[in-house]
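The values are calculated or read from the model by the stated rules, or taken from the named source; none is laboratory data. For clarity, every value in this text was computed on a predicted model and none was experimentally measured. Note that we place each Cβ from the backbone using ideal geometry, even for glycine, and neighbour counts take in every protein chain shown. To get the accessible areas, we keep the full protein, side chains included, count just its heavy atoms, and leave off ligands, DNA and RNA. Shrake-Rupley method; radii C 1.70, N 1.55, O 1.52, S 1.80 Å.
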Amino acid sequence: MATRVRNFLRRLSGSVLVPACLLIVFSTGWTPLTSFAQTSVDIGLERDVNRYRWTAGFDSDLDAGQWKIRVRDSFSSDAYVLFSNSYLLRDENRLGWSASRPVSDRVTLRVVGDSDWFSLSRVFIHSTLGGFSYKVNNNFAVTPLLGFALDQRPGVSEVNTAAPLRADVGPAIGLMSRYRGSADNNAYSFDVSGMGNVQRISPRRGHQYRLTGLAAREQDGANFSARFIASTVRRDTYQAVSFLNRDLDTGNSFSESIEQTASDTLGIIVDATMPIGRTYRLSASGDLTANGRTIKNTGAPDETLFFDTQYDRRSFDFQGAIVRETQASRIEIASTAGVEEESRSLTNRDELPEIQATQKSNLLRQADYDRGYFSLATSFRGQMGRRYTVTMSGTARILNHNTPETNPDDRDEVSFTSRAGLQVRVSDALRTDLTFYGTRYETVYLKSERSAENNVQRSIRFNPSIVWNPSVATTVRLSSEVRATYSVDQFTLPGRRPRDQSAREMRYELDGRRTIADQFAVLVSTSYSTLHLGRFLEDSFAEIPFDTLQIKRAWVRLQAGRTFLADVGVRTLIRSDYNQSLSVAYQPVDESGIPLVDVEGNPVKATIIRPGRNIIEQLGPTASLVWPMNNRSSLRLDGWLIFQRVYQNLYGVLPDGNASVIREAAKNGRMSTIPNLTMTIRWIL
């Protein structure tokens, strides 16, 4: 341990002129710590089908004399149950803290730090910086910082051994600052914030700069705002492949292979709204985004091939709308247009063999594209007297997607959507809602390789619902939905079967609540749905069904309490679906009905595949508890136990002599028990 400390101090003293971290922060408004102590602790537990999860959080703002201390910590642990009944564990912890103490009216001592730990990758990252903050005036303050940074992660492993941990340490120098202002009697306001860092930890380097800004103006009901973000990030990582890092035994870490990833991002968003008279309002917004990412490999052996790449993405979106709003109605017409482009290239092509460079360049270019779209939308909502409310909306959209010659995904898309609804208030206790939906999607591929996939999809839906409140203690809601969707190819190649399909669905939902004796309530929720799938015959408007999916659900609960809530109930589900290839395992019998065994006396196992229906039945109790405690603390517990049975109904002819055995094995199916538990505790200290 002493040797490691001496090595750390030696590296620290020998690298002062090469900072490991430079932090620049421009923040909007200095946000001081609260003047009162407040601490909260969160604990969570979740048991899922194949996962256990524990979470914990700690959040504290404390005053210790003249010190103001702020600590934020979050921990999560996941245990995934694998097929071999083993567990895959993943733990993560993120800690951030800061402390400040005034030295004078203008000078404050500040210390900040953060630590991140990831168990699966065995990575630990830590940094601590401290310094004095100088308040120049009410709008500007600056804080130089000095400290150290630590990065620990696995190195290169020997054969059949775990990779040893290696730690890179270096000094840290930083600067924190902020500025905020306004003009013209606060009619104009502007806000600038940013952060950044530069790292150089044994041969890796990294930096991160982020600058954001906001300018706004409000006058006579008109609002204008412009926001921007500019960032640049570089992250260096060791190559995971061990044969690339051959000289670790020499102690020269600069001979290792490193992958450099640099990303630059620029975003600008402009919004404006302006009233016209008393009933009209205009609005417009634009969003410009540009991102570039470069991946470069350094320090690799000369005989090793690496492919350095450049990725660029640019997009621009514009939206304009006009709204007319009165006390009884609202009408809006909006239009949206945008363009987007992505491109990829190989940056070290001259250093690669011609065949490899050509193959990789073509592979990258296949993912390039540029697209443009335009849409027009309108909506209306009107109140007709006290009982009727009418809503209507519609959207038309066209998209053009262009790709390189090597990519056949060049296409045009046209879509139309519409909605019409009528809400009727029959009485104070009865309300109805009738809603119709309609959609049409058309896709046309512009290259012959995929032109056979050109298709049109049409869909209509009818969704009526009723809400009935016969008394203050009773609420009943009944809703249903009828949906029909038809997908038709524009043409079929010779020798191929048509792929036109239809989907028809009917669904009912019933929800009810009845309050009893002011402290108890009965809640009921049920649903039933049937989905029919089939081959669609457009000429005769008929179908040949090939699948039917049925789902039935029910959940009955008894709830007690007002502030302290607890409920118990029973939930059930039945799902039936057609499957063309059901597999059933069984033990065959001989002609006299005796089960067959092998030469060692073990039962003979056989498997048969037949079409049929796969049925899932679930039944189990549920319970929940909500306990609001003093000082805004709370406890919530949810649990449900599922007893599941999965079995099959086989269709078709079965082998003679074993038909009854096979059907019995399919009917018996598989039984399983699935416990589920979720617990959340929050203490406010």
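At a Förster radius of 45 Å, what calculated FRET efficiency corresponds to the Cβ-Cβ distance of Asp220 and Arg72, to the nearest 0.05?
0.60
Per q in 0.10, 0.15, 0.17 Å⁻¹, report the Debye log10 I(q)/I(0) for region 328-485, using one uniform scatterer on each alpha carbon and no solvent.
-0.62, -0.94, -1.06
Once you have the Cα-Cα distance between Leu531 and Trp54, take 0.36 nm times their residue separation minus that, and quote the gain in nm to one decimal.
167.9 nm
What ³J(HN,Hα) values, in whole Hz, does the Karplus curve 6.51 cos²θ - 1.76 cosθ + 1.60 give for region 316-321 when θ = phi - 60°, with x put for Gly and Pro?
9, 10, 9, 9, x, 8
Carbon and sulfur atoms: what percent of the 1.4 Å accessible area of region 370-421 do they account for?
The value for region 370-421 is 57 percent carbon and sulfur by accessible area.
Using the alpha-carbon centroid of each, what span in Å lies between region 518-553 and region 291-324?
45
Can you give the extra length, in nm with one decimal, that the chain gains between Phe318 and Val568 once fully stretched, where that is 0.36 nm per residue apart less the Cα-Cα distance?
Roughly 84.9 nm would be gained on extension.
Multiply the residue gap between Phe380 and Arg450 by 0.36 nm, knock off their C-alpha separation, and tell me the result in nm, one decimal place.
21.2 nm
Tell me the per residue accessible area of region 631-685 using a 1.4 Å probe; a whole number in Å² is fine.
Accessible area per residue, region 631-685: 60 Å².
Taking a cut-off of 48 Å, what percent of all Cα-Cα pairs in the chain are separated by more than that?
43
Would you mind computing, in nm to one decimal, how far apart the modelled labels at Leu211 and Leu89 are, each placed 7 Å from Cα along Cα→Cβ?
Spacing of the two 7 Å Cα→Cβ label points: 4.7 nm.
Summarise the accessible area of region 63-114 (1.4 Å probe, protein heavy atoms) by the percent that is carbon and sulfur.
The C+S portion of the solvent-accessible surface of region 63-114 is 56 percent.
With θ set to phi - 60° and the Karplus curve 6.51 cos²θ - 1.76 cosθ + 1.60, what are the ³J(HN,Hα) couplings of region 514-526 in order, to the nearest whole Hz, using x for Gly and Pro?
10, 8, 10, 6, 6, 10, 10, 8, 10, 10, 10, 9, 9
Return one whole number: the accessible area per residue of region 60-199 in Å², for a 1.4 Å probe.
Using a 1.4 Å probe on heavy atoms only, each residue of region 60-199 averages 56 Å².
Classify region 515-638 as rounded, prolate or oblate, taking a ≥ b ≥ c as the square roots of the eigenvalues of its Cα gyration tensor: rounded when a/c is under 1.5, otherwise prolate if a/b is larger than b/c and oblate if not.
Because a/c hits 1.5 or more and a/b fails to exceed b/c, region 515-638 counts as oblate.
Work out the FRET efficiency for Arg101 and Phe228 from their Cβ-Cβ distance, taking R0 = 25 Å, and round it to the nearest 0.05.
0.10
Which far-off residues, 5 or more places away or on another chain, put their amide H under 5 Å from the one on Ser193, with H placed in the peptide plane?
It is Thr212, Gly213, by chain and number.
Starting from the alpha-carbon convex hull of region 583-685, give the projected area averaged over all orientations, in nm².
For the Cα atoms of region 583-685, the hull's average projected area reads 10.7 nm².
Spelling out what I want: for every residue of region 63-78, take phi, set θ = phi - 60°, compute 6.51 cos²θ - 1.76 cosθ + 1.60 (Karplus), and round to whole Hz; glycine and proline get x.
Per residue, the Karplus-derived 3J(HN,Hα) values read 10, 10, x, 8, 7, 10, 10, 10, 10, 10, 9, 9, 10, 9, 9, 10 Hz.
Once amide H atoms are placed 1.01 Å from N in the peptide plane, what residues at a sequence separation of 5 or more from Gln490, or on another chain, have their amide H within under 5 Å of its amide H?
Asn454, Asn455, Val456
Would you mind checking which residues have amide H under 5 Å from Arg166's amide H? H placed 1.01 Å from N; only 5 or more apart, or other chain.
Arg153, Gly155
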